[in-house]
């Protein structure tokens, strides 16, 4: 179990780092997807996913009740559906820049791979497959690697909330204009 949580922690850490680079630097700062008519819907799908992530962290990874587990799984399913919609529209939404760069496509593969790998490994540890069927493990007492995993998940929540909030903030024309004026002021002179 220790090695499983070590792997899940590594996947979650790599996801957090790459998602920050992709979602903040590339989507908000470099390409400003929220400003282009073609990519507005893609920005909305990114916003939904950014808002779902702290709920996945809290309900699936940190809470121990059965209800929280099912709530977390529900958020994961919604996230998967939103990812499918995002992937479907992404080619058309990047026409303003000549299409999605291959290297960014590769980053998206790794970001989503790390994200869902952390969830899959966690589920393999959370679900107990016994002779009587499948049951949930409620807590992992004495498993040091789970404590590290839970610590990382808890540390990611505030940043994920800010990340989602920023996506919402720039999703509206008036607040996006304010963001552009403050952050990119030297570029509009």
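The values are calculated or read from the model by the stated rules, or taken from the named source; none is laboratory data. Keep in mind the model is a prediction, meaning the values are calculated, not measured. Glycine gets a Cβ as well: all are built from the backbone with ideal geometry, and neighbour counts include every protein chain shown.
Quick notes
- Residue match in the stretch 145-159 (condition: at pLDDT 95 or above and within 18 Å of residue 46 (Cβ to Cβ)): yes
- Condition check for residue 7 on (1) touching a helix residue (DSSP H, G or I) at 6+ places or on another chain (Cβ under 7 Å); (2) at pLDDT below 95: one failure, at (2).
- The number of residues in the stretch 60-82 being surrounded by fewer than 19 Cβ atoms within 10 Å (Cβ to Cβ), touching a helix residue (DSSP H, G or I) at 6+ places or on another chain (Cβ under 6 Å) and within 18 Å of residue 140 (Cα to Cα) comes to 2.
- Evaluating residue 142 against the criteria (1) over 29 Å from residue 42 (Cβ atoms); (2) touching a helix residue (DSSP H, G or I) at 6+ places or on another chain (Cβ under 8 Å); (3) loosely packed, with under 13 Cβ neighbours inside 10 Å leaves one unmet condition, (2).
- Verdict on residue 132 being surrounded by fewer than 13 Cβ atoms within 10 Å (Cβ to Cβ), out of contact with any helix residue (DSSP H, G or I) (no Cβ under 9 Å at 6 or more places or on another chain) and either under 20 Å from residue 67 (Cα atoms) or in contact (Cβ under 8 Å) with a residue 24 or more places away in the chain (or both): no
- Pairs linking a residue in the stretch 84-105 that is assigned to a helix (DSSP H, G or I) to a residue that is modelled with pLDDT of 90 or more and surrounded by fewer than 17 Cβ atoms within 10 Å (Cβ to Cβ), with Cβ atoms under 6 Å and 6 or more positions apart or on different chains, are 89/41; 93/38; 95/38; 96/36; 96/38.
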